[in-house]
1. Pull out a ≥ b ≥ c, the square roots of the eigenvalues of the alpha-carbon gyration tensor of the range 264-416, then state rounded if a/c is under 1.5, prolate if not and a/b is larger than b/c, and oblate in the remaining case.
2. Once a ≥ b ≥ c are taken as the square roots of the eigenvalues of the Cα gyration tensor of the range 297-378, is the result rounded (a/c under 1.5), prolate (a/b larger than b/c) or oblate (a/b not larger than b/c)?
3. Treating only the Cβ atoms of Lys and Arg (+1) and Asp and Glu (-1) as charged, compute the dipole magnitude of the chain about its Cα centre; round to the nearest 20 debye.
4. Cross-link list 35/131; 35/311; 44/329: which exceed 23 angstrom alpha carbon to alpha carbon?
5. Given H placed on each backbone N at 1.01 Å, which residues far from residue 366 in sequence or on other chains put an amide H within less than 5 Å of it?
6. Largest first and in whole Å, what are the equivalent-ellipsoid semi-axes of the range 334-382 based on the Cα gyration tensor, each being the root of 5 times an eigenvalue?
7. How much mean residue ellipticity at 222 nm does the chain get from its helices, if each DSSP H run of length 4 or more adds -39500 (n - 2.57) and you divide by all residues, to the nearest 500 deg cm²/dmol?
8. Residue 35 to residue 209: FRET efficiency via 1/(1 + (r/R0)^6), r the Cβ-Cβ distance, R0 35 Å, to the nearest 0.05?
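Rule-based calculations on the coordinates, nothing more; no lab input. In this text the structure is predicted, and so the values were computed from the model without any measurement. Cβ coordinates were reconstructed from backbone atoms using ideal geometry, including for glycine residues, and neighbour counts include every protein chain displayed.
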Amino acid sequence: MNKYIKKASVLAVALGATASLAACGSSKSGSDSSKKTITISVDKGYKDYINEIKGSFEKKNNVKVVVKTKDATATLDALKLDGPAGKAADVMMAPFDRVGVLGKQGQLADVKLVSGRYDSRDKKLVTLNGKQYGEPAIIETLVMYYNKDLIKTAPKTFKDLEALAKNPKYAYANDKTKNVGFLCQWTNFYDAYGLIKGYGGYVFGDNNTNPKKLGLNNSGAVEGLTYITDWFKNVWPKGMQSKTSNENFITDQFTSGKTAAVIDGPWMAATYKKDKVNYGVATIPTLDNGKKYQAFGGGKAWVVSKYTKNKAVCQKFIDYLTSDKNQEKLYKDIQEVPANQNARKYAVKNGTELSKAVIEQFASADPMPNIPEMAEVWTGAENLVINAASGKKTPKQTADAAVKQISQSIEQKYKD
């Protein structure tokens, strides 16, 4: 499972009058029978936010909104069974790369986006085959963190990062021939993709919509992979080749003041703050070829269950959730960057260095592919960097092998 999904999501509430009341789109009985009930399922971190803003919507639309807290991934995984059984929530939050998949599977209702809130890049994240299956809520992408006690300004180019790697100040304590001035978990495809894309590689053809055309082994992708491999072979300690423990190693080196700069996601800010790192945040430095680091542009969307009996009300509710006012409040309350373009401007004007960096970096990000075949890419590219970094295969051989595996998996699982 990729880091984006793993990191993006950080008690069921009983419904009133009768035991037979279904969670999905039911109406309350008794004296309040005219009031419709819809349920929204969210990670617990969003519970207070929803409860604070729902009152105005309930009053205006004569609707009762019931908030359930449950892990978002578990909620989406259970939708296929819970929906037909009348147990699914009406409204949920889904990572962008699951929106198209669930839409194609018939689990989500198509929705309409309110004009003026999103640009074409935002819309692409929730669109599949001309239909939109969610309203963008939150955007995420990788950024650069740097230790202000070690370097005064953020590195602007990868040449700057290479200079850190030659500075004996950042020699690795256990092996002085290695350097930890700059670190990134490139063994994770989610992290490495931005560099590969910046050198001309890509996931799928036709702007990530054609799964029959893969671009992870073209000349640009191989050039980017070769550059990445050089860091593993000639700069970093061997432990950086790990798929899992290197994440903790990077965090430890940065929080202990041994590493000057890292590339990671906005979810790491809380850890750095807790460990009292005097950190700054900036966009990722320009690559040696003069191009931008085009990390995946991800995040989350509000989606509506296909099984709801109150689609019109749910459409109104997600329109309400993504209004300028409520997206600004989401940012103030939860400190996640809003997808609404107007609320983003608010975050730039009134927000933190982190939110500004995410918004600026997102402008050059590559929208996360949302077609079902992307699942095979995460699996097939899992060892893309490791096999090259270890010297078991050349970057070209590694890229060819990954593309072959991905292509075969797609052919086997997604036959028309």
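1. Details: a/c = 2.56, a/b = 1.27, b/c = 2.01.
Note, shape of the range 264-416 comes out oblate.
2. Cα axes put the range 297-378 in the oblate bin.
3. Values: 62 positive and 42 negative charges, 111 e Å.
My answer is approximately 540 debye.
4. Working: 35/131 30 Å; 35/311 15 Å; 44/329 17 Å.
Pairs exceeding 23 Å: 35/131.
5. Excluding prolines and chain starts, which carry no amide H, the hits are 295, 296, 297.
6. On the way: eigenvalues 170, 25, 18 Å².
Here the semi-axes work out to 29, 11, 9 Å.
7. Values: 18 runs with 175 residues, N = 416.
The per-residue figure over the chain is -12000 deg cm²/dmol.
8. Efficiency at R0 = 35 Å is approximately 0.25.
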